[in-house]
Each structure stands twice: as C-alpha cells, then as structure tokens.
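Here is the structure we will look at.
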Amino acid sequence: VTAMVISFSDSVKKLTDAKKFSQAYKVACLGVSERDWKTLALAAMAEFELTIAQRSFGNARDLTFAHLIDNFNQQMKQCVGDLELDQLKGVFNAEIAAIRGDFRGAANLFAKNGEIDRAVELMIDLKKWEDAKSYASQSKTFKMEDVALRHARWAAEEAKDWHLASDLYMSCGCFSEAVKIVTENKADGWINQLINLARNIPKSDGDVLRICATCFVEEKEYDCAKD
C-alpha cells in the first residue's frame with residue numbers, strides 16, 4: 001500500500017489571490033501548514049474578512065492578530081456612522097502596520113485617523129525625536145516642550161549624554177535641571193557648558209545662579225562667579 005500525500009497549499013494560494021476567502025478557508029481545513037494559514041489570514045484581514053481572518057490566525061497559532069481583531073470587533077459595535085467606522089478601520093490598519101514593523105506607516109495612519117497622540121507616543125518609543133515633534137505640532141494635547149522633556153530624560157537616564165540633556169532642559173526653561181545635570185556629572189568641558197548656561201539663565205532665577213556661582217568658586221573661576 002502506497003500512501004499518497006496531497007498538498008492543498010497551491011489551491012489555497014490561488015483562491016486567496018482571487019479573494020475567494022471562504023473557499024480558501026474550506027480547502028485549508030483539509031490540511032495546510034501554519035505558514036499557509038497565516039498567509040490566508042493576512043490577506044483576509046486586509047480585505048476586512050475578519051471572521052475568516054480570525055479563525056485562520058487561530059489555526060496559525062498567531063494570537064496577537066486574533067486578539068487585535070477581537071478588539072476591533074468590540075469597538076465596531078460602538079461606532080456611530082460611516083465616518084467613525086472609517087476612522088476605526090484606519091486605526092486598525094495602523095495597529096496592523098505597527099505589529100508588522102512598519103512604524104512610520106503606522107504613525108501616519110494614526111495621525112490621519114484622529115489618533116495623533118498615538119503617533120507621537122510611537123515616535124517617542126522609537127526615539128525618533130524629530131518625527132515626534134512633527135506630530136506633536138499637530139496635537140491639541142501634546143506640546144513641543146513635552147517631547148523635549150521626554151527627550152531630555154532619555155538623554156540623561158539612558159543615553160547618558162549630559163550635554164544634550166542639559167541643552168534640552170534649557171530649551172524647556174527647566175534651568176535647575178539643566179544645571180544639576182552638568183554639575184553632578186561633570187562631563188568633559190562641563191565648566192564651559194556651565195558658563196554658557198549661566199549666561200542664559202534669567203536673573204530672576206537667583207537660586208539657580210547661586211548654584212552656578214558656588215561651582216565657579218570651587219573651580220576658581222572667580223570672574224564667572226562675580227558675573
């Protein structure tokens with residue numbers, strides 16, 4: 001007796017390419033690989049054939065997309081009108097793009113579909129600071145200073161770039177933090193940086209200027225301390 005192995009992959013692919021997802025699903029149930037299931041699932045999801053997509057992701061053991069579809073279905077029940085549904089679909093596509101690693105595409109879709117703050121947060125998470133500022137300029141809740149402060153904290157706590165952190169704090173008007181970063185870490189050229197900081201700190205911030213003056217005296221920069 002000779003066993004015959006029948007592959008249904010080609011049939012599933014042809015039906016999927018033809019967007020005959022119901023038929024493709026039925027054939028796939030006869031036996032295909034997890035890779036074939038995922039190909040079918042992604043294609044069906046792109047066309048918002050979400051029932052087939054979710055079942056196919058389940059068969060592919062890909063719970064990330066299955067949960068995403070479930071969440072979308074729950075939100076869709078609360079939609080009022082076609083415009084709101086279109087925006088929800090746009091956000092859904094943004095989330096798909098993010099999961100698949102297309103972060104710039106995801107950010108653009110978030111911004112286009114009323115979720116500009118999610119675009120800002122995504123760029124901040126990726127440390128794409130200029131992109132984050134660009135999206136923040138379109139936001140009603142985020143300010144440019146918010147992004148700069150997050151950038152400053154990252155520069156200080158993770159990158160250990162004291163010069164950058166200090167400059168960013170200065171740009172936000174956080175003079176005390178800027179001086180603290182410089183005087184506590186004393187990176188190369190820190191005295192010159194402190195001199196530049198002191199020149200740009202308002203005279204009304206007397207406490208901060210006194211900290212600068214104390215450091216200048218300790219480093220025998222008496223002329224700077226006097227100024």
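Look at the dipole of region 81-142 built from charges on Cβ: of Ser137, Ala94, Ala111, the Cα furthest out on the positive end belongs to Ser137.
Across every pair of non-identical alpha carbons in region 81-142, the mean reciprocal distance, once inverted, gives a Kirkwood radius of 11.4 Å.
Applying the Kirkwood pairwise sum to the alpha-carbon positions of region 8-78 produces a hydrodynamic radius of 11.8 angstrom.
Rank these for me by crowding, His67, His151, His163, going from fewest to most other beta carbons within 10 Å.
On the way: His67 12, His151 23, His163 16.
Placing the least packed residue first, the sequence is His67, His163, His151.
Using a simple spin-label model with pseudo-atoms 7 Å out from Cα toward Cβ, Glu130 and Arg61 lie 4.4 nm apart.
Shape of region 161-227 from the C-alpha gyration tensor: oblate (a/c of 1.5 or more and a/b not above b/c, with a ≥ b ≥ c the square roots of its eigenvalues).
Taking the Cα atoms only, what angle lies between the long axis of helix 206-218 and the longest principal axis of the chain, rounded to 10 degrees? Between helix and principal axis, roughly 70 degrees. Taken along its three principal axes, the alpha carbon spread of region 106-212 comes to 49, 28, 15 Å, from the longest extent down to the shortest. When the alpha-carbon atoms of region 134-176 are used, the pair Rg, Dmax equals 10.8, 31 angstrom. Of all the options Asp205, Asp146, Asp125, the one that moves most in a Gaussian network model of the chain with Cα springs shorter than 10 angstrom is Asp205. The charge dipole of region 161-227, taken about its Cα centre with unit charges on the Cβ atoms of Lys, Arg (+1), Asp and Glu (-1) only, comes to about 180 debye. If I take all pairs of Cα atoms in region 49-163, what percentage of them are more than 18 Å from each other? The share of Cα pairs beyond 18 Å in region 49-163 comes to 59 percent. On a 0 to 90° scale, report how tilted helix 190-200 is relative to the longest principal axis of the chain, with both axes built from alpha carbons and the result rounded to the nearest 10. Approximately 80 degrees, to the nearest 10.
Grouping the Cα pair distances of the chain into 5 Å bins from zero gives a pair-distance distribution of 1, 6, 11, 11, 10, 9, 8, 7, 7, 6, 6, 5, 4, 3, 2, 1, 1, 0, 0, 0, 0 percent in increasing distance order.
Calculated [222 nm] ellipticity per residue, helices only, for the chain: -22000 deg cm²/dmol; basis is -39500 (n - 2.57) per DSSP H run with n ≥ 4, divided by all residues, nearest 500.
Along region 70-76 the Karplus relation, 6.51 cos²θ - 1.76 cosθ + 1.60 evaluated at θ = phi - 60°, assigns HN-Hα couplings of 4, 5, 4, 4, 5, 5, 4 Hz to successive residues, with x for each Gly and Pro. Short-range pairs are left out: with C-alpha atoms under 8 Å and at least six residues apart, the relative contact order of region 8-78 is 25 percent. Ordering Gly206, Thr51, Trp190 by Cα displacement along the dipole of the chain toward the positive end leaves Thr51 in first place; charges were set at the Cβ atoms of Lys, Arg (+1) and Asp, Glu (-1).
Pairs of Cα atoms nearer than 8 Å and 6+ residues apart set the relative contact order; for the chain it is 7 percent.
Taken together, the values in this text are just the output of simple stated rules run on the coordinates, not laboratory data. Small disclaimer: the values here were computed from a predicted structure and weren't measured. All Cβ positions, even for glycine, are placed from backbone atoms using ideal geometry, and neighbour counts span all protein chains on display.
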